[in-house]
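**Q** I'd like to ask you about the structure that follows.
Throughout, read-outs are computed from the coordinates displayed, never taken from laboratory work. Note that this is a predicted model, so its numbers are computed, not measured. With ideal geometry, Cβ positions are generated from the backbone for all residues, glycine too; neighbour counts draw on all protein chains shown.
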Amino acid sequence: MSRLVVTDTGPLIHLAQADVLSLLELTGELLVPETVLDELERGPTDISRFEFSVERVNLDTESVYPQLDSGETAALVVCTERDAILLTDDLDARNTAGEEEIEVHGSVGVVLYGYSQGALSAGAAKRTLRELKQDTNLYLSTPLIEHAIELVASDEAGW
């Protein structure tokens, strides 16, 4: 049985910037809220070559989680309705997911999962983690990246 994974815009952009967007295909059945697709149209990230489903969220996303943007809110709403895993790099969205008891991972987690599934060698996983920090617009602390690299080195990466 494939698990449902819902993503907001952040991981799509950041994984594309690190040239590892294809790792998302390993995570499960990918669902992208229509609001997230609308956000992606404003930038260079193209996910059209990947298999994913789209869902429209029919509610006022600004009133549900007012601290989040509409893409993050739509992704969270789908996760609560469909018991799905959330992919987000946004701290407020991660905290809200925790409050809603939703399993949540970000771009770093996707890279670690890709390594645990054999899609990346240890060297490629470490290099990609460093690239996420250095070559994307995602803010990642040095201790977080060092911890993720240690998980690869100790073979404890994965979900």
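**Q** How far is the Cα center of the range 93-159 from the Cα center of the range 27-91, in Å?
**A** The two parts, judged by their Cα centres, are 20 Å apart.
**Q** Could you give the dipole magnitude of the chain about its Cα centre, charging the beta-carbon of Lys and Arg +1 and that of Asp and Glu -1, in debye to the nearest 20?
**A** Roughly 620 debye for the chain.
**Q** Counting helices only, and only those DSSP H runs with n ≥ 4, report the 222 nm mean residue ellipticity of the chain as the sum of -39,500 (n - 2.57) divided by its residues, in deg cm²/dmol to the nearest 500.
**A** -14500 deg cm²/dmol
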